[in-house]
């Protein structure tokens, strides 16, 4: 129970500090900050699409290594591309899952 409280406290403090940093920025700087985040994300999703060639199937691990991101981040990018209808997931979960262009 105490470990849960420590983790919860760390998340709350992190959220407050992060929010304070963003709120402390001028409005134009906030817009620039979020615009850069959106562009970076878009660039990474384009890099993922470039990895696919022909009928090639790609794994989450390949995306992690190619972009230098965590497993969770690679999964989020792949999920977004799947929701956008650009790729499809083959398999349900685990090591057997691959992705291919639609």
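Just a few scattered comments:
- Residues 49, 78, sorted so that the one with the fewest Cβ neighbours within 10 Å comes first: 49, 78
- Once the Cβ-Cβ distance of residue 89 and residue 36 is raised to the sixth power relative to R0 = 22 Å, the FRET efficiency obtained is 0.15.
Every number here is computed from the coordinates shown, using simple stated rules; none is lab data. Note that the structure is predicted; figures quoted are calculated from it, not measured. Backbone-built Cβ (ideal geometry, glycine too); neighbour counts: all protein chains shown.
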